[in-house]
1. What does the charge dipole of the range 56-153 about its Cα centre add up to, to the nearest 20 debye, if the Cβ of each Lys and Arg holds +1 and the Cβ of each Asp and Glu holds -1?
2. Between L143 and Q45, what length in nm is gained on full extension when 0.36 nm per residue of separation is reduced by their alpha carbon distance?
3. Sort 56-62, 115-121, 143-149 by the packing proxy (mean of other Cβ within 10 Å over each peptide's residues), most packed first.
4. What are the extents of the Cα atoms of the range 28-149 along their three principal axes, listed from largest to smallest and rounded to whole Å?
5. I want to check a number: in the range 79-160, how many lysine pairs have alpha carbons closer than 22 Å, given a sequence separation of 8 or more or different chains?
6. Give me the percent of Cα-Cα pairs in the range 115-156 that sit more than 11 Å apart, rounded to a whole number.
Amino acid sequence: MKNLNIYIKEKKMKSEIENEMKLEFISKSANEAFARITVAAFASQLDPTIEELADIKTAVSEAVTNCIIHGYDKKQGIVKIFARLKENEILIEISDKGKGIENIDIAKEPLYTTKPNLERSGMGFTIMESFMDEVDVESVVGLGTKVTMRKVIKNKLENEESDDEFEMITKE
Ligand SMILES: Nc1ncnc2c1ncn2[C@@H]1O[C@H](COP(=O)(O)OP(=O)(O)OP(=O)(O)O)[C@@H](O)[C@H]1O
Ligand SMILES: [Mg+2]
């Protein structure tokens with residue numbers, strides 16, 4: 001019975017997680033890895049699986065690269081990231097104050113790119129949409145772009161039938 005109480009308490013604590021972070025950096029390609037790793041480290045509080053963490057890293061990498069390559073092009077600007085953890089979900093906003101997108105629907109189409117000669121494949125938004133549960137793009141030409149993404153992190157304890165952590169608790 002005591003072990004069961006610890007198990008329930010642990011599950012409750014996870015569902016009560018609430019946290020926020022902000023990150024700002026200059027639009028250098030070298031900062032893409034920094035941004036992706038930082039958001040992943042923050043998201044790890046939700047105890048995601050390796051796959052869920054890899055999905056978040058990939059989506060952040062695509063959005064940040066877009067700010068650097070398209071938003072600011074050869075100019076230098078600030079890329080901002082805001083992330084919020086709530087219960088079992090992560091919300092990530094990635095924005096620039098760069099050139100903006102004329103037609104968001106067209107930009108989101110698979111294989112659409114305005115930089116075909118730069119080894120771009122036009123798959124960034126498609127990748128974000130397939131790896132995250134929700135992707136929303138807001139943009140104003142001349143003012144900038146904001147990508148908002150959400151992902152539900154499934155509770156490992158509920159997912160794993162074997163419940164390794166439960167076993168660990170009962171052994172204590
Ligand atoms: N932050 C941004 N600012 C301005 N334009 C953007 C921004 N993000 C995307 N775009 C526009 O949307 C298009 C599609 O973006 P997407 O990420 O899908 O493809 P890509 O960046 O061109 O290629 P890939 O991501 O496969 O390297 C871009 O080519 C660009 O014209
Ligand atoms: Mg892209």
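1. It works out to roughly 440 debye.
2. 31.9 nm
3. Working: 56-62: 22.0, 115-121: 10.4, 143-149: 20.3.
Packing order, densest peptide first, comes out as 56-62, 143-149, 115-121.
4. For the range 28-149, the Cα spread along each principal axis is 38, 27, 25 Å.
5. Count of close lysine pairs: 18.
6. 72
Laboratory data are not the source of any read-out in this text; all were calculated from the coordinates shown. Since this is a predicted model, take the numbers as computed values, not measurements. Here the Cβ is made from the backbone with ideal geometry for all residues, glycine too, and neighbour counts use every protein chain on show.
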